[in-house]
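Colleague: Here it is, the structure, as structure tokens.
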2 protein chains.
Amino acid sequence: MTGYGQFCPIAKTMEVLDERWTVLIIRELLAGSHHFNELRRGVPKMSPALLSKRLRSLQRAGIVMRLGDGNRVRYELTPGGKELGPVVMALGEWGIRWRTQLGDEDLDPHLLMWDVHRSLDLDAMPDGRTVLRFLFPDVERTTREWWIVVQGTDVDLCDFDPGHDVSVSAESSLRTMVDIWRGELAWQPALRSGDLTLQGPQAVRRALPHWLKLSAFAHVPRREPEPVG
Amino acid sequence: MTGYGQFCPIAKTMEVLDERWTVLIIRELLAGSHHFNELRRGVPKMSPALLSKRLRSLQRAGIVMRLGDGNRVRYELTPGGKELGPVVMALGEWGIRWRTQLGDEDLDPHLLMWDVHRSLDLDAMPDGRTVLRFLFPDVERTTREWWIVVQGTDVDLCDFDPGHDVSVSAESSLRTMVDIWRGELAWQPALRSGDLTLQGPQAVRRALPHWLKLSAFAHVPRREPEPVG
DNA sequence: CAGTATCCATTTCGATACTG
DNA sequence: CAGTATCGAAATGGATACTG
């Protein structure tokens, strides 16, 4: 059986949303991904076969539309799908308050860089080309080093050296950068403690924290930590 | 694998909530069920083994506490669990707007009567004993006829005749009563069309709609129906 | 780019019956 | 009241490779 056999609206919603990965695909669509391979980068651990299957489920459920777009395919949220925005935000707000323990396996550099690259504040960045480089020395070779090339409204994420001059380079453990992204660690303390180091002209080092906009949940009020001792 | 391998707070939330039935158990706890067999009545199509398993998952996730209560067992939401209240409401609000097609298999009389019996407005009801009777002629014999016996703050739901005088009796198809419960059909039109008939003294027939408080989602604004033709 | 195809180990879960 | 025990059918979905 796939449904719950209940008329309860919560049950009817969960019939759609309780399928594994489904909510994360909706999150990606809300975040502005529209093409299959964009969606894949937001759920890098999902197989393409399964993504394809879920997209079909979401179409049947009236949440996603599949449109032609030139000779490409474009996925869009329907009005009903867009109305899941506040629901998905509520899920994330709860998560950042109550699901704070991240295992090492949760620290996916692909997703981090995908998130960072798409939420840069382009208006705050200078004209011409800017290249950000990120180095996570504690991560395996193939995902250790990343570049984001910004030019106008073009933002490219590379896991190989694109060959341009680097404007500013950031080095930290992967966990430190995730903590910063999630709003659990501020730039200044990270820099002062040495967990994060920046290289580049001082003006650019100073500007970087204004260019990276952090997670949509970074500013959610946190609960008091448990009293210790 | 059970997790998503993502630091995203939405993903971390869904790791807990995407397990089948889990959100419905949280709904029941939010609605005020605390004992195993109360919870069962709110998820009547779930096997007790699976309910037991889910309750253990929810404890591990820090959402539910299992407490002794005399020689009974009592399940309570933790503070984190209680904070899922708005999240679950958001899920239901979306559902009542966008998941409006109910199959016959969604019309579970057990759940309907369980819902109705626990949301009576006791303050609006008279002192002494009141007995409500519901009859769904289109439903199979064993779940066709229900009685709710109210006495003070005691509310008992029976699927057999408790033997008291009936104060007011309601007869309708199961779907009609579900539609009323969900706020899709108002009492007056249902009575006028004959989909619903009441028997009993006029004062009590008039009072009944004030005694039944309807679903928590009955008053959610609905979207415009699709234009037809 | 946008998916399919295939395979199979693993998990899930519904049904039913039973227990202290 | 509050669960366990057991079983088998069905589905899930991860890995990998391939396609127009």
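The values are calculated or read from the model by the stated rules, or taken from the named source; none is laboratory data. What you see is a predicted model; the values in this text were computed from it and never measured. Positions of Cβ are generated from backbone atoms using ideal geometry, with glycine treated the same way; all protein chains shown enter the neighbour counts.
Colleague: Taking the options A:LEU51, A:LEU84, A:LEU77, A:LEU17, name whichever one is crowded, with 17+ Cβ neighbours inside 10 Å and near DNA strand C (Cβ under 8 Å from one of its atoms).
Modeller: A:LEU51
Colleague: Scan segment A:98-122 residue by residue and report those that are of a type outside the set (Val, Ile, Thr), farther than 16 Å from A:GLU145 by Cβ and more than 7 Å from chain B (Cβ to nearest Cβ).
Modeller: The answer is A:GLN101, A:GLY103, A:ASP104, A:ASP115, A:ARG118, A:SER119, A:LEU120, A:ASP121, A:LEU122.
Colleague: Take B:ARG129 and tell me if it is over 24 Å from B:ALA203 (Cβ atoms) and at pLDDT 95 or above.
Modeller: no
Conditions tested, residue by residue: (1) within 16 Å of DNA strand C (Cβ to nearest atom); (2) free of Cβ contacts under 8 Å to residues at least 60 places away in the same chain; (3) farther than 30 Å from B:PRO109 by Cα.
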| residue | (1), (2), (3) |
| --- | --- |
| A:ARG27 | no, no, yes |
| A:ASN37 | yes, yes, yes |
| A:LYS45 | yes, no, yes |
| A:VAL64 | yes, yes, yes |
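Colleague: Right, another one. Of the residues that make up segment A:91-101, is at least one away from DNA strand C (no atom under 12 Å from the Cβ), at pLDDT below 95 and assigned to a helix (DSSP H, G or I)?
Modeller: No - not one qualifying residue is present in segment A:91-101.
Colleague: Of the residues B:GLU19, B:GLU28, B:GLU76, only one is part of a strand (DSSP E or B) and among the acidic types (Asp, Glu); which?
Modeller: B:GLU76
Colleague: Filter segment B:69-100 down to residues that are among the polar types (S, T, N, Q) and closer than 28 Å to B:ALA218 by Cα and give me whichever is nearest to DNA strand D (Cβ to nearest atom).
Modeller: B:THR78
Colleague: Another question, then. If you check A:GLY68 against the conditions, is it surrounded by fewer than 21 Cβ atoms within 10 Å (Cβ to Cβ), in a loop (DSSP other than H, G, I, E, B) and over 17 Å from the mean Cα position of the chain (by Cα)?
Modeller: no
Colleague: All but one of (1) over 30 Å from A:GLY62 (Cα atoms); (2) without any contact (Cβ under 8 Å) to a residue 40 or more places away in the chain hold for B:ARG74, so report the exception by its number.
Modeller: (2)
Colleague: Quick check on this structure: which one of A:ARG66, A:ARG40, A:ARG56 is more than 12 Å from every other protein chain (Cβ to nearest Cβ), within 24 Å of B:TRP94 (Cα to Cα), among the charged types (D, E, K, R) and within 13 Å of DNA strand D (Cβ to nearest atom)?
Modeller: A:ARG56
Colleague: Another question, if that's okay. If we keep just the residues of segment B:1-37 that are among the β-branched types (Val, Ile, Thr) and closer than 21 Å to B:ALA49 by Cβ, which is farthest from the other protein chains (Cβ to nearest Cβ)?
Modeller: Step by step, filter segment B:1-37, then rank; the result is B:ILE25.
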